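Step one of this worksheet: look at the structure below.
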Amino acid sequence: MNKHYHNLWRLLIIATLVTLAACGQAATTPTAAPQATSAPASAPPPTAVPTEVPTAAPLGAANTLVYDSNIDDLITLDPAVAYEFSGVLIVHNVYEGLVQFVGSDLSDLKPGLAETWDVKEAGDNWEVTFHLRDGAKFASGNPITADDVVYSFQRVISLNKSPAFLFIDIAQLTTDSIQAADAKTVVVTMPKTASPQAFLSILTFTIGGIVDSKEVKAHEADGDFGSNWLLDHSAGSGPYMVAHWEKDVEVLLNANPNYGGTPPLLSSVLVKHVPESANQQAELEAGDADLVQNLTPEQIAAVSGAEGVATTTGDSLLLFYVGMNATVKPLDDVKVREALRAAIDYDGIINGLLSGNGKKVQTLVPAGLLGYNSDAPFQQDVDKAKALLKEAGQENGFSIEMLVPTGAGPGGIAWADLAAKLQSDWDKIGVKVDIKQVAFAELLGSYRAQKGQLVLVLWGPDFPDPDANAGPWTDINAHSIAFRNAWDDPIAEKTRAAALITDPAERAAAYKEITDYVLHNGPYAVLYQPTQLFGIRANVTGFAWNPMGYTDFWTIGK
């Protein structure tokens, strides 16, 4: 069993465990409810790795990790707002949550700022009680209290930015749901229509980051909960703190002197915006970059065996797809959307452009999560696609615009190359695509405002559960993917019900029905699930990529 499938199997286990835990949350009888749970006494302390270095290294180039990536999607460093891939990477290393996953392991939830936690029934609700560990401090030196947790969670709900639906819609929290029982105890009350186990997983995402309420309140302006200040500053307790961020240039992180865990191996991390993979390769080979994220398969082959350079891969739960705005003619016709799917040369993309570094996935739940539907009925069939266009009254084809990010994406493929391939495929059925390439942040702004026609983009789940994909992709009220494509369909009711099904087999069957329906009726053409490729200097140690889309910088040394 190779690493990739080992991790997939491990993710299947956790998805099943989440489902099993959820069995009780929708049940009405005590026997079906989850037992009160707490973190195991034998669990390692947060950020227990590495253990061999007692203090952080001094500042300096030799103690700085230089990480090249395309970070033009970075909009903010505020944990209540960050929802983009680069934002997730930075926030994960700057803020601590109550609970966490360690390394690349998504199967075992570990203590974070909460030393233990309990889930119990309380009449019509669940009560999730967190007991904070003693002695924890923010980077400012302020002690971390229950009031900071309450402020952080209420702040997410009050700001109500992109990731807030995870608290508001998935966990069904209000600002009144979070209370401090004492200085070290926080109680979160949830209705039984929500899953406490899913909530615990959500807390490992950006919005679970606890902010220094005193520091943030000191920078509040015009009721913004300090969000403008946190755009490029930090107020966390994680191993690193933000030194500076220059948009589309770099983010510099310095070690937090008040971090309560084992100090980072390196004193600084410089995340550089290097969108072109050729430039990333050049910096890696010259020793100017320690780790690069977006090399193409050809570049990986080229640098393999080079002196001082190594390569590695990481699993992902990402899906590359084309979103089709369901209110834009003729994309409002389901037969037109089916024709576009039928005209795509999926095998050519995966075996040609990706050199096999991706899996053919055409449904909305990625391989590795419960509910993954391996059906891939679309192969390039130009005659079928033309027949569908004719049935839709579009036998002469049409012209349409497609928004495409700049730079390279996971799997090592340039967005422009992928767009050109799709453009060529659709040209065979008379569909003329005008490619409009823009920075990721600009693309997201248009997409979220429902201003896209076709949008080439990618998606990763916010927490390791099928509902993290099924909800956003089918429920327009989640104000996420379905909303961006203006797709309002009754299938959302089945998705909401599936999230609460207690029996794992029944839940998997429900997602089979949902994914089959969306496969042919939804406004999406899912293209593939990539393998993440990295180039790395040979002296770099301790790097592991988490399938949720981040790495623990503090475990990396050189």
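Quick notes on this one:
- The lone criterion from (1) surrounded by fewer than 22 Cβ atoms within 10 Å (Cβ to Cβ); (2) touching a residue at least 40 places away in the same chain (Cβ under 8 Å); (3) within 30 Å of residue 535 (Cβ to Cβ) left unmet by residue 382 is number (3).
- All positions within the stretch 60-80 that are hydrophobic (A, V, I, L, M, F, W, C), part of a loop (DSSP other than H, G, I, E, B) and buried (at least 23 other Cβ atoms within 10 Å of the Cβ): 71, 74, 77, 80
- Residue within the stretch 415-434 that is surrounded by 22 or more Cβ atoms within 10 Å (Cβ to Cβ) and closer than 18 Å to residue 86 by Cα present: yes
- From the list 345, 332, the one residue that fits, being touching an Asp or Glu at 6+ places or on another chain (Cβ under 7 Å), among the acidic types (Asp, Glu) and surrounded by fewer than 23 Cβ atoms within 10 Å (Cβ to Cβ), is 345.
- Which numbered condition residue 406 misses (of (1) in contact (Cβ under 8 Å) with a residue 24 or more places away in the chain; (2) over 23 Å from the mean Cα position of the chain (by Cα); (3) open to solvent by 20 Å² or more (accessible area, probe 1.4 Å); (4) within 18 Å of residue 433 (Cα to Cα)): (2)
- Within the stretch 271-301, the set of residues being under 25 Å from the mean Cα position of the chain (by Cα) and aliphatic (A, V, I, L, M) comprises 271, 274, 289, 291, 292, 295, 300.
- When residue 220 is tested against (1) within 27 Å of residue 70 (Cβ to Cβ); (2) open to solvent by 20 Å² or more (accessible area, probe 1.4 Å); (3) not in a helix (DSSP H, G or I), just one condition goes unmet, and that condition is (1).
- Pairing each residue of the stretch 471-497 that is at positive phi with any residue that is modelled with pLDDT under 90 and open to solvent by 10 Å² or more (accessible area, probe 1.4 Å), provided the two are 6+ apart or on different chains, yields C-beta distances under 9 Å for 479/162; 479/165; 479/169.
- Candidates are the residues of the stretch 350-370 that are at pLDDT 90 or above and among the small types (Gly, Ala, Ser); the one that is least open to solvent (accessible area, probe 1.4 Å) is 358.
- When residues of the stretch 307-329 are limited to those that are of a type in the set (Gly, Ala, Ser) and closer than 17 Å to residue 544 by Cα, the one surrounded by the fewest Cβ atoms within 10 Å (Cβ to Cβ): 310
- Test: residue in the stretch 365-378 that is of a type in the set (Val, Ile, Thr) and over 20 Å from residue 522 (Cβ atoms): no
- Lone qualifier among 269, 251, 242 - being part of a strand (DSSP E or B), out of contact with any Asp or Glu (no Cβ under 6 Å at 6 or more places or on another chain), surrounded by fewer than 24 Cβ atoms within 10 Å (Cβ to Cβ) and at pLDDT 95 or above: 242
- In a residue-by-residue description of the stretch 146-168, the property of being in a strand (DSSP E or B) and buried (at least 21 other Cβ atoms within 10 Å of the Cβ) applies to no position.
- Selection within the stretch 280-306: residues that are on the phi < 0 side of the Ramachandran plot, assigned to a loop (DSSP other than H, G, I, E, B) and in contact (Cβ under 8 Å) with a residue 24 or more places away in the chain. The member of this set that is surrounded by the fewest Cβ atoms within 10 Å (Cβ to Cβ) is 288.
- If you filter the stretch 169-193 down to residues that are buried (at least 21 other Cβ atoms within 10 Å of the Cβ) and in a loop (DSSP other than H, G, I, E, B), you find that the one that is nearest to the chain's Cα centre (by Cα) is 171.
- Any hit, the stretch 496-510, residues being assigned to a helix (DSSP H, G or I), of a type outside the set (Asp, Glu) and either in contact with a strand residue (DSSP E or B) (Cβ under 6 Å, 6 or more places away or on another chain) or closer than 28 Å to residue 329 by Cα (or both): no
- You will find that of 448, 507, 496, the residue that is touching a helix residue (DSSP H, G or I) at 6+ places or on another chain (Cβ under 9 Å), crowded, with 21+ Cβ neighbours inside 10 Å and basic (Lys, Arg) is 507 and no other.
- Qualifying residue in the stretch 88-104 (condition: modelled with pLDDT of 95 or more, more than 18 Å from the chain's Cα centre (by Cα) and closer than 15 Å to residue 208 by Cα): yes
- Checking each residue in the stretch 119-130 for being over 23 Å from residue 235 (Cβ atoms) and of a type outside the set (Ser, Thr, Tyr) picks out 119, 120, 121, 122, 123, 124, 125, 126, 127, 128.
The values are calculated or read from the model by the stated rules, or taken from the named source; none is laboratory data. These numbers come from a predicted model, not from an experiment. Cβ: placed from backbone, ideal geometry, glycine included. Neighbour counts: every protein chain shown. All accessible areas refer to the heavy atoms of the entire protein, side chains included, with ligands and DNA or RNA removed. Shrake-Rupley method; radii C 1.70, N 1.55, O 1.52, S 1.80 Å.
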